[in-house]
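Take a look at the structure set out below.
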Amino acid sequence: MSGPADPGPALAAALRAATGHAHDWLAGLGTRPVRPAHSAAEVLARLDDRLPDGPTDPVAVIDALVEAVDGGLTATGSPAFFGYVIGGTLPAALAADVLAVVWDQNAALASLSPAASAVESVAGRWVTQLLGLPSHVSVGFTTGTQMAHVTALAAARHRVLADAGWDVEADGLLGAPPVRVLAGADRHATVDAALRLLGLGRRAVVPVATDGLGRMRPDALRAALAGGAPPSHTHPGHAAGPGRAAAARPTIVITQVGEVNTGAADPLAEICALAHEHGGWVHVDGAFGLWAAVSGSPARRALVAGAAQADSWATDGHKWLNVPYDCGIALVADPAAHRGAMAAPAVYFPPDGAGQLDPVDWTPEFSRRARAFAVYAALRSLGRAGLRELVDRCCDLADHAAHRLAAVPGLSVLNATDGPAAPGGLVPLNQVLLRVDGPARRPGCARADIPSRGYPDPAVAGDRLTREVTAAVTAGGEAYLTGTTWRGQAAMRLSVSNWATTLADVDRAVDVIAAAVAARRAGGAGDAR
C-alpha cells in the first residue's frame, strides 16, 4: 500500500490561493459595500451542498468557497462599520493570528505549548497593567465576554459559597445556600446567559434601578442590599474573602462600564464600597468600557474610577483592542477562587517542569486556540501611547458625530449628557444612540400634524421612522448601523470602535444618516398598521 503523496506542493498552492483572496478582501474593505449582498439562504443556494465521493483539489475548494460566500460577508473590518460594538483588526494582530492558525498550538498546557503559555502570561500581565488592576490578578483568555462572564462569575460563585461553608465544586448547587445576584436593570444579555449556565437562573437576579443613561443608582443598590433575610444555613463565623466583610448571605453584585447603548459607566467606587460592606463579590462587565482606563482624558479615566476595587472583570479583545475574533479576557482578584472554579486536574496532564501554571486552569475550555498571540502582538505594536490614541480617537470621533447629528432636524441623540459621564463632550464614550422624532401634535388636535397616511401617536411614528432610517442607511452600503430599543422605544446606534476609522468616514456616515432622516420625514411616516 502506497503512502500519501507529499503534502508540500498542495499545501503551498492552497496557502497562495488563500493569501491572494485575503489580499483582495483587505484591499477592498474601504470601498466595498459594508452590508452583505446576499442572505444566508442565498449563500446556501450558491454553495454546492453535495458531499463529494472523493478528494477535491485544495485550490479548487478555496476558490469555490470564496466565490460562494463573498456576497454573504459583512465588512465588519471596514472603517465605515458602526454596528454593534465591533473593532477592526490591527495589522500585527491579524498577522499573529494567522501564525497562531499555522502553528496550531493547543494552549491548554504549558508542557504542551510552552510558547503559548508564556505569551499568555505576558499578554495577561500587560492587560492587567493597562486596565489599572491589582498586579496579583489571574487572567484567562476566552472566546468573548460571554465566556469571560462565565469564568469570573464561577469564581464569584465559588468564593461566596465557600464563605458560607459550601463547596460548590464538590457538592453542586442542590441544597446550597441561595446566591443573591444584584445587577443593573440595563445589564447586558450576556450576564443573564452566564448566570443560567452557572445554574443560578434568572430569578436569582435582583434588578437594580438605573438612571437615564443606564447607570446603576447607588441608593437603589443600597436598598436592594439591605433587603432580604439571610438563609438559615449561612455560617456566620466563616471568614469572608479578601477585602470583604462577612456576608449575611452569599451575594454577587454585577456592575458595568460601557452600557452597550449609551456607553455610560456605573459609579464603580460607590458600588464596590456598598457591596463589600455586605460581604458581596463585585463583578465588572467591561466588554469595551474598561479600556477607558488608558485614555489621556482625566474625565474618561474617571469613568472607571474604582474599578480596581472590584473582585472580577470581563472584557473583550475583539472590540477596542482590535484583535481578530474571537477573544475575551476574564480577570479575577482572587486567584484561588478562580483556579478553584476552573481547574480540572487529570493524571495525563504532565506538570510543567518550571512550575508554570497551566492556562487550562483559568478557563472553562480544555482544548483551545492560542488567541493570546494576537493580543500580545496588538499591544506590542501599539504600546501604551498607541492604545491611548486609539481609544481617545474613537471617543472623539463619536462625539463629533453626536454633535453633528444633534443638529439634524428631527433627530435626537438619546445618550447626550452634560454631566460627569461626558469628558467635556456630548456622549460618554464611543457610542451614539439616536432616534428619529415622530411629528409633534398640534395643540388641541387629536392627530399629529403629518400627512394623511400618518400615525395616531408620535411615539409610534418615531419607532417606524427610526427603523426605516436604520434599514435605509445600512441598505445603502456606505455605512452600517444597528437598531436597538431604549426605554421601550426604537433607536439606532452608531459605535466607533475601529482603529482605521477616520473623520472622513464618520462625516460620510453622518451625511448618509441625515439624508435618510430628511427623506423619510419628507415622505411621511407610512401607515401605523
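The values are calculated or read from the model by the stated rules, or taken from the named source; none is laboratory data. These numbers come from a predicted model, not from an experiment. With ideal geometry, Cβ positions are generated from the backbone for all residues, glycine too; neighbour counts draw on all protein chains shown. Ligands, DNA and RNA are excluded from the accessible area calculation, which covers all protein heavy atoms including side chains. Shrake-Rupley method; radii C 1.70, N 1.55, O 1.52, S 1.80 Å.
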| field | Estimated dipole of the chain in Debye, rounded to 20 [Cβ of Lys and Arg +1, of Asp and Glu -1, Cα centre] | value | 1520
| said: Can you list the DSSP H helices in the chain whose Cα atoms extend at least 20 Å along the helix axis and whose mean Kyte-Doolittle hydropathy is 0.5 or higher? | reply: 503-523
| note | In the chain the DSSP beta bridges are antiparallel at a rate, in percent to nearest 5, of 60
| field | Extension gain (nm, one decimal) between A344 and A95, 0.36 nm per residue minus Cα-Cα | value | 86.4 nm
| task | Give the peptides 48-60, 191-203 in descending order of average Cβ contacts within 10 Å, highest first. | result | 191-203, 48-60
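Rolling a 1.4 angstrom probe over the protein heavy atoms, how many square angstrom per residue are accessible across the chain?
43
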| task | For the chain, with all protein chains present and a 1.4 Å probe, just round the carbon and sulfur fraction of the accessible area to a whole percent. | result | 58
| request: Within the set of other residues whose C-beta is less than 13 Å from the C-beta of K319, count the net charge using Lys and Arg as +1 and Asp and Glu as -1. | output: -3
| said: Modelling each spin label as a point 7 Å along the Cα-to-Cβ direction, I'd like the L173/L44 distance in nm, to one decimal. | reply: 3.4
| request: Using label points projected 7 Å from each Cα along Cα→Cβ, tell me how many nm separate R467 and D24, to one decimal. | output: 3.8
| request: Take each of the peptides 282-295, 509-522, average the number of other beta-carbon atoms within 10 Å over its residues, and list them starting from the highest. | output: 282-295, 509-522
| task | For the chain, just run the numbers: alpha carbon Rg, then divide by 2.2 N^0.38 Å, N being how many residues it has. | result | 1.06
| message | If each DSSP helix of 4+ residues adds -39,500 (n - 2.57) and the sum is divided by the residues in the chain, what number results at 222 nm, nearest 500 deg cm²/dmol? | response | -12500 deg cm²/dmol
